[in-house]
Amino acid sequence: MKIRGTIFLITDKAISKGKLREDLYYRIAVGLIEIPPLRQRIKDIAVIAKCVILKYGPELKPSITCLGDSAVKQLEAHDWPGNVRELENVIRRSLLLAEDKTTLDRVEMIASHPVMQTEHDHSFHDDRQGSLKNRLSEFETSLIQKTIQQQEYNLSAAARDLELPRTTLISRMKALGITRPQEQRPTTHRSGKSTVKDKSLTK
């Protein structure tokens, strides 16, 4: 037997701002389901996070299949003003930046990094359009670029700052098309002519 139904997402603001007539609200308010904010459902946080890992892990970090206890404590300590959508973004970002392990032991909270505090940075709290995957890539690109610039393009120092293995940082830079200015030094041949020799990413 098929059941047809319609779900209306209604808030008090919709009525107070005149976007929904109050009499119409009482006409359609037959079955009301109140969902508390995520910060009031602490036990649900780990469950939702594990579902996000199972959903996006195969694409973003295939090796990770479960959530570690330390990561659960981080998630449960957060206030989650963005509710489930913010939690999903945090887990996906954490998968992108995580090492190739089977367990996600640390989550990268979006608002915890200084790059989120500037109004010109790529963040998830702006009004730009685009898929979540593209916006995650934009944010990761911005974060890596700023970090390596602050470390004067020293990849070992940048990796320590990002708490990533150096090999993982280089891999993400290649995947995102991030390059650093080539350091050049002249080389003199026997002919007396000078040429320029490029240095690779060796730092």
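The values are calculated or read from the model by the stated rules, or taken from the named source; none is laboratory data. This is a predicted model, so every value here is computed, not measured. Here the Cβ positions follow ideal geometry from the backbone for every residue, glycine too, while neighbour counts run over all protein chains shown. Just the protein is used for accessible areas: all its heavy atoms, side chains included, with ligands, DNA and RNA removed. Shrake-Rupley method; radii C 1.70, N 1.55, O 1.52, S 1.80 Å.
When Arg92, Arg106, Arg85 are checked against the criterion of being closer than 24 Å to Gln150 by Cα and modelled with pLDDT of 85 or more, Arg106 stands alone in meeting it. From the list Lys73, Lys19, the lone residue that is at pLDDT 80 or above and basic (Lys, Arg) is Lys73.
Selection within the range 146-155: residues that are under 13 Å from Leu169 (Cα atoms) and touching a Lys or Arg at 6+ places or on another chain (Cβ under 9 Å). The member of this set that is most open to solvent (accessible area, probe 1.4 Å) is Tyr153. Does at least one position in the range 26-40 carry a residue that is at pLDDT below 80, among the basic types (Lys, Arg) and loosely packed, with under 10 Cβ neighbours inside 10 Å? Within the range 26-40, one or more residues are at pLDDT below 80, among the basic types (Lys, Arg) and loosely packed, with under 10 Cβ neighbours inside 10 Å.
With respect to Ala111, is the statement that it is modelled with pLDDT under 90, more than 20 Å from Met173 (Cα to Cα) and hydrophobic (A, V, I, L, M, F, W, C) true? For Ala111, the condition - modelled with pLDDT under 90, more than 20 Å from Met173 (Cα to Cα) and hydrophobic (A, V, I, L, M, F, W, C) - is met.
Condition check ((1) open to solvent by 80 Å² or more (accessible area, probe 1.4 Å); (2) closer than 17 Å to Leu97 by Cβ; (3) part of a helix (DSSP H, G or I)) across all residues:
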position: Ala49; (1), (2), (3): no, yes, yes
position: Val52; (1), (2), (3): no, yes, yes
position: Lys55; (1), (2), (3): yes, no, yes
position: Ser63; (1), (2), (3): no, yes, no
position: Pro81; (1), (2), (3): yes, no, no
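When the range 91-111 is limited to residues that are assigned to a helix (DSSP H, G or I) and free of Cβ contacts under 8 Å to residues at least 40 places away in the same chain, the one that is surrounded by the fewest Cβ atoms within 10 Å (Cβ to Cβ) turns out to be Ala111.
Before we move on, is Gly68 at pLDDT below 90, surrounded by 12 or more Cβ atoms within 10 Å (Cβ to Cβ) and over 30 Å from Thr179 (Cα atoms)? So Gly68 fails the test.
So if I check each of Arg166, Arg172, Arg160, which one is open to solvent by 80 Å² or more (accessible area, probe 1.4 Å), closer than 20 Å to Arg106 by Cβ and at pLDDT 85 or above?
Working: Arg166 fails: open to solvent by 80 Å² or more (accessible area, probe 1.4 Å); Arg172 fails: open to solvent by 80 Å² or more (accessible area, probe 1.4 Å).
Residue meeting the stated conditions: Arg160.
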